[in-house]
Amino acid sequence: QRAEFSKIKDVEAVTRDGHRITMLMNAGLEFDIEIMNETGAEGIGLFRTEFQFMVSDDLPRLKRQTELYERIMDGAGDRPVTFRTLDLGGDKILPYMEMEREENPALGWRAIRMGLDRPALLRMQLRALITAARGRELRIMFPMVASIDEFRQAREMVDVECAWAKRRGRPLPALLRVGAMIECPSLLFHLDALLPLVDFASVGTNDLMQYLFAADRTNPKMSDRYDPLSPPFLTALSMIQKAARDSGTPVSVCGEIAGRPLEAFVLIALGFDRLSMPPAGLGQVKRMILSCDREAANKAINKLMSSSNGSLRNEVLSLARKLDL
Ligand code: PEP
Ligand code: MG
């Protein structure tokens, strides 16, 4: 399989009926640049910046952060990298940082909530990103946005940092794109307000599943209990895709399901054309895309969604077999 995947690594992912799919990977460490080169990923759709903090013995400050981001952008060259700001808290606890124990960490003081309440850390990170990006495109994405105001405030912090750099005569990014993750269900009902404000959005299906079904993603009894290939979740994804298309906002999917061929097939059927996935998924998902007909898949999945109440997995599986995916 490895040999087969390496043969198609530089082949563009185009469906049989001519839809081009952008294949990105999820990353978080410097080592991932090598993997990007090996797998032929077209860029990094999700760079989890908290990894540097989690593998470190103490808090990485401005210089170390800037150096990492520079190396990642250097290594990626022309390929885009979307840096997600710190997604700490919840189950991601740093031993060297004082953090309160919480009854419900997944619902707690985490990610952008922490970044907005105690802005020193987020501001330092934004400064590192802006410094590292000088003269090139910078893509910043905020995690766990639950309200429009949170995105607005976070985006304002980016503008403040850019103004700071400008006042000091520092070179700015050539292009700045600021986006939000869609992983809190509240945003599903506020897409019309959110989408015009963001330069792009990315659906975090790991957390969106967790919060839609109220099922702890870290609890093994719970993590496979509900199926993303079921009408409620697919309806949510379809709502996002349609709203993004109508507002002309680029949207990707960056949860683990983007790297599973069957799930990725359904995402493409729903109209998503940017997928960011764990590197191990790139070969198998590309192989599926090359033999898939998007229009036919769209019709078949719509039909399944309207006629089924539970998991569509078995039906999607037999459909994929029939189509020889
Ligand atoms: C997600 O929630 O789907 C996601 C991509 O981010 P993480 O897994 O880091 O929470
Ligand atoms: Mg998440």
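General observations
- Annotation note: of Leu237, Leu172, Leu229, the sole residue that is away from ligand 2 (no atom under 16 Å from the Cβ), hydrophobic (A, V, I, L, M, F, W, C) and surrounded by 22 or more Cβ atoms within 10 Å (Cβ to Cβ) is Leu229.
- When the stretch 183-212 is filtered for residues that are of a type outside the set (Asp, Glu), over 23 Å from Leu88 (Cα atoms) and out of contact with any strand residue (DSSP E or B) (no Cβ under 9 Å at 6 or more places or on another chain), the ones remaining, listed by number, are Phe189, His190, Ala193, Pro196.
- Among the residues of the stretch 216-230, the ones that are farther than 15 Å from Met181 by Cβ and at pLDDT below 95 come to 9 in all.
- Every residue from the stretch 97-108 that is exposed (fewer than 10 other Cβ atoms within 10 Å of the Cβ) and modelled with pLDDT under 90: Glu98, Glu100, Arg101
- Residue selected from the stretch 212-237 under the condition touching a residue at least 60 places away in the same chain (Cβ under 8 Å) and within 14 Å of ligand 1 (Cβ to nearest atom), by the criterion nearest to the chain's Cα centre (by Cα): Arg217
- Residues that are over 18 Å from Leu46 (Cβ atoms) and at pLDDT 95 or above, drawn from the stretch 63-95: Lys63, Arg64, Thr66, Glu67, Glu70, Asp74, Gly77, Asp78
- Restricting the stretch 126-144 to residues that are within 16 Å of ligand 2 (Cβ to nearest atom) and in a loop (DSSP other than H, G, I, E, B), the residue that is surrounded by the fewest Cβ atoms within 10 Å (Cβ to Cβ) is Met144.
- Test: residue in the stretch 58-65 that is more than 16 Å from ligand 2 (Cβ to nearest atom), of a type in the set (A, V, I, L, M, F, W, C) and more than 29 Å from Arg217 (Cα to Cα): yes
- Filter pass, Thr22 being more than 16 Å from ligand 1 (Cβ to nearest atom), out of contact with any Pro (no Cβ under 6 Å at 6 or more places or on another chain) and more than 23 Å from Pro171 (Cβ to Cβ): yes
The values are calculated or read from the model by the stated rules, or taken from the named source; none is laboratory data. Just so it is clear, the model here is predicted, and its values are computed rather than measured. All Cβ positions, glycine included, derive from the backbone under ideal geometry; neighbour counts span all protein chains shown.
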